[in-house]
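The values are calculated or read from the model by the stated rules, or taken from the named source; none is laboratory data. As the structure is a computational prediction, the values presented were derived from the model and not from experiment. A quick note on method: Cβ atoms are made from the backbone with ideal geometry, for glycine too, and the neighbour counts reach across all protein chains shown.
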Ligand SMILES: Nc1ncnc2c1ncn2[C@@H]1O[C@H](COP(=O)(O)OP(=O)(O)OP(=O)(O)O)[C@@H](O)[C@H]1O
Ligand SMILES: [Mg+2]
């Protein structure tokens, strides 16, 4: 009975842990994918040109659904309360970007009809019919990345900010946000109440370093960008450190837009003259200035395969298409050979994060595995004492002619049946708990005030969970084996006992 | 080999060829470093159908000898002359553990000095368990009815038909001993080894149990080796031997 309970509990715990960790990983991966699409072609910093041609070529392929040009860079953001933070900036063409990624769904400020799963009280202000029109406007703003300037009436290009960036959105226990107005510290030691709601009247200052045509940073450029909406991807790192800005805005800021350019080329008329580079001090051949048109550039093209397309197949196809593209623009875009390693699936891009969580899962499982290993000893101890208690009876059975393997088999069968019953109930309980884990958790929170998974700390609103049949089967089988193993040693021991001694046992 | 079987009781089917022939059996127990010699060269022949009673002081090794005959234990090996225990035409000292298991299950019935019933089983199950061991789990299933019938028949003869579902703990000592005897007889053994079957019982109960055994012996042609302290019981048997100083002395 005791042994059965031990097995049951171990089986249930392992199954629950594994499922929750697995679900955690899956949710994380899914979130990681949301803003990336399937395959990315990345040429960092300087970017590459003629991307429109590349996109055309990509979209012509039947394996590829859509592609979108983006620029990924870093800059400084000045927030309404005066803080300046490092931020990852993504310049996107919002319509094509929404096609390739789940961007549109991550938009937070929009009217909703049903409360989110944890919002039992319906506290979410997005539910409020009174604000419906306002949120509809914000949603439209987010999807067009524009906002009307309330003073001038002009429609301006606007950014979409990660919801955790400003700190002006208070994350509630039910997993949603409530905008609030904090105080801002003033230089004279006083404070000033900030009364902004970012998608309504907030804006941020964005400072980035423009690059020259060789990729070297030149002057910093600063622009004020109104905020059209805020997004929540589900990855905290992304949501607290990312801003989306219209692609043309960022291209201009980075000077990656189409422009006439001045380029230094080797002066072939005077091949033997040299000059000293004013920046590095190096001596090189004399260069001359040439004026031409520099096409617009992007650092990244994101690609989405058609539904059901194999990720690897899409990547291979993208690589092929890039090769053709590079052939067509030889010398003007990065070589196909260099680019092969820059064409990555979203899994490659998120590899470090994914492998970190995978490792964590492995570690937790390992620890629980050790804990469960003690179950073997528990079962062993329980069986040992049972076998000792039954020494005399075993002696009787031996005297009646029962063989050593016969007796051992009796115990092992007993162990196996305990293992089976324990594992079955353990699996059922574990399965049930995982399926209802959020309900159970809520109930625990209500009844005992015990909240383990606080959405204010953990970024996922719900405790993610998934029960894999294969996992359940593995845990189940291991549970039974545990019992058999625990029963086997006492079984062999008691069966091998000298029957005469066993009969004398008191 | 000279036989000295005296056919005392005519009713029994006593024949002269020995079913069991024990020669030069030594047994020494090791208690840590102390050696406890119990048997020093026991010689004993038992004829088919014979009833032999073993007398001896307490601690003289009667139970030990029964255990050896019953294949529960083995005689010492390291003596000058090797021990021999022949049963029918088998040399038990040379048999494997496995075939000794079979020997106990098929040929021997054991009645222990202290009943040794299984407390978790009912009276009926305590008897049928012998059949289960003999035939194996599968074999038992096919013969289940036959064995249960036999078991309840035996228990009926021993006056326990109304007790079949009871646990041993609910029975009196005499009733328990009768259950133990029924268990020993369930597989129709050739040889019944009974270690003081009446030792813990009052005279009348003892007699009734003895009668049950005697009756069964007559019907089944059973060979019986019995240990007892009771001279009156000994007097009823075909032959009495005495264990003295680890050897057999004919009374
Ligand atoms: N397993 C054992 N280990 C050590 N000594 C033992 C063991 N079994 C029996 N003995 C010793 O061997 C001797 C003979 O024991 P046994 O049980 O055969 O005597 P017995 O003649 O049956 O006595 P009783 O009439 O009291 O039943 C005793 O002195 C006993 O202490
Ligand atoms: Mg004894």
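Checked against the criterion of being more than 13 Å from every other protein chain (Cβ to nearest Cβ) and within 13 Å of ligand 2 (Cβ to nearest atom), segment B:41-49 contains not a single residue that satisfies it. In the set (1) crowded, with 21+ Cβ neighbours inside 10 Å; (2) away from ligand 1 (no atom under 16 Å from the Cβ); (3) within 14 Å of chain A (Cβ to nearest Cβ), residue B:96 fails one condition alone, (1).
Pairing residues of segment B:18-41 that are over 20 Å from residue B:244 (Cα atoms) and without any contact (Cβ under 8 Å) to a residue 24 or more places away in the chain with residues that are assigned to a strand (DSSP E or B) and within 15 Å of ligand 1 (Cβ to nearest atom), at Cβ distances under 8 Å and at least 6 apart in sequence or on separate chains, gives B:30/B:36. Looking at segment A:206-317, the strands (runs of 3 or more DSSP E) lying wholly inside it that each contain 1 or more residues that are surrounded by 15 or more Cβ atoms within 10 Å (Cβ to Cβ) and at pLDDT 90 or above sit at A:217-231, A:242-246, A:300-305. Just one residue in the set B:192, B:154 is in contact with a strand residue (DSSP E or B) (Cβ under 8 Å, 6 or more places away or on another chain) and either farther than 27 Å from residue A:504 by Cα or more than 12 Å from chain A (Cβ to nearest Cβ) (or both); that residue is B:192. Sub-7 Å Cβ pairs linking a first residue in segment B:50-74 that is away from every other protein chain (no Cβ under 14 Å) to a second residue that is part of a strand (DSSP E or B) and within 11 Å of ligand 2 (Cβ to nearest atom), at least 6 apart or interchain, are B:54/B:227; B:54/B:243; B:56/B:243; B:60/B:243, ordered by first then second residue. Residues that are assigned to a loop (DSSP other than H, G, I, E, B) and in contact (Cβ under 8 Å) with a residue 12 or more places away in the chain within segment B:96-113 comprise B:107, B:112, B:113, listed in sequence order. Residue B:112 falls short on exactly one of the conditions (1) within 20 Å of the chain's Cα centre (by Cα); (2) under 18 Å from residue B:200 (Cβ atoms); (3) within 11 Å of chain A (Cβ to nearest Cβ); (4) surrounded by fewer than 21 Cβ atoms within 10 Å (Cβ to Cβ), and that condition is (4).
Any chance segment A:368-382 includes a residue that's part of a helix (DSSP H, G or I), away from chain B (no Cβ under 14 Å) and over 48 Å from the mean Cα position of the chain (by Cα)? Looking through segment A:368-382, none of the residues is part of a helix (DSSP H, G or I), away from chain B (no Cβ under 14 Å) and over 48 Å from the mean Cα position of the chain (by Cα). Return the total of residues in segment B:53-88 being surrounded by 20 or more Cβ atoms within 10 Å (Cβ to Cβ), over 22 Å from residue A:400 (Cα atoms) and away from ligand 1 (no atom under 16 Å from the Cβ). Final tally of qualifying residues: 1. If the condition is being crowded, with 16+ Cβ neighbours inside 10 Å and either away from chain A (no Cβ under 14 Å) or outside any helix (DSSP H, G or I) (or both), then segment B:122-142 contributes B:122, B:123, B:124. Only one entry in A:401, A:395 is within 14 Å of chain B (Cβ to nearest Cβ), within 30 Å of residue B:194 (Cα to Cα) and free of Cβ contacts under 8 Å to residues at least 12 places away in the same chain, namely A:401. Just one of (1) within 16 Å of ligand 1 (Cβ to nearest atom); (2) out of contact with any strand residue (DSSP E or B) (no Cβ under 8 Å at 6 or more places or on another chain) fails for residue B:234. It is (2). Residues satisfying the criterion are absent from segment B:43-52 (criterion: within 12 Å of ligand 1 (Cβ to nearest atom) and more than 30 Å from residue B:139 (Cβ to Cβ)). Quick check on residue A:163: is it under 29 Å from the mean Cα position of the chain (by Cα) and either surrounded by 15 or more Cβ atoms within 10 Å (Cβ to Cβ) or modelled with pLDDT of 85 or more (or both)? Here the answer is yes, as residue A:163 does meet what is asked. So, residue B:194, is that one within 16 Å of ligand 2 (Cβ to nearest atom) and touching a residue at least 24 places away in the same chain (Cβ under 8 Å) or not? So residue B:194 passes the test.
Taking residues in segment B:119-139 that are touching a residue at least 40 places away in the same chain (Cβ under 8 Å), and partners anywhere that are surrounded by fewer than 15 Cβ atoms within 10 Å (Cβ to Cβ) and in a loop (DSSP other than H, G, I, E, B), the pairs with Cβ atoms closer than 8 Å and at least 6 places apart or on different chains are B:122/B:165; B:123/B:165; B:124/B:165. In segment A:450-473, is there at least one residue being at pLDDT 85 or above, within 23 Å of residue A:368 (Cβ to Cβ) and either more than 16 Å from ligand 1 (Cβ to nearest atom) or out of contact with any helix residue (DSSP H, G or I) (no Cβ under 9 Å at 6 or more places or on another chain) (or both)? Yes, some residue in segment A:450-473 is at pLDDT 85 or above, within 23 Å of residue A:368 (Cβ to Cβ) and either more than 16 Å from ligand 1 (Cβ to nearest atom) or out of contact with any helix residue (DSSP H, G or I) (no Cβ under 9 Å at 6 or more places or on another chain) (or both). In the set A:119, A:81, only one residue is in a loop (DSSP other than H, G, I, E, B) and surrounded by 19 or more Cβ atoms within 10 Å (Cβ to Cβ); that residue is A:119. Scoring residue B:245 on the criteria (1) at pLDDT 85 or above; (2) within 16 Å of ligand 2 (Cβ to nearest atom); (3) away from chain A (no Cβ under 14 Å) leaves a single failure, condition (2). Selection of segment B:197-228 for residues being within 15 Å of ligand 2 (Cβ to nearest atom) and in contact with a strand residue (DSSP E or B) (Cβ under 7 Å, 6 or more places away or on another chain) yields B:197, B:225, B:226, B:227, B:228.
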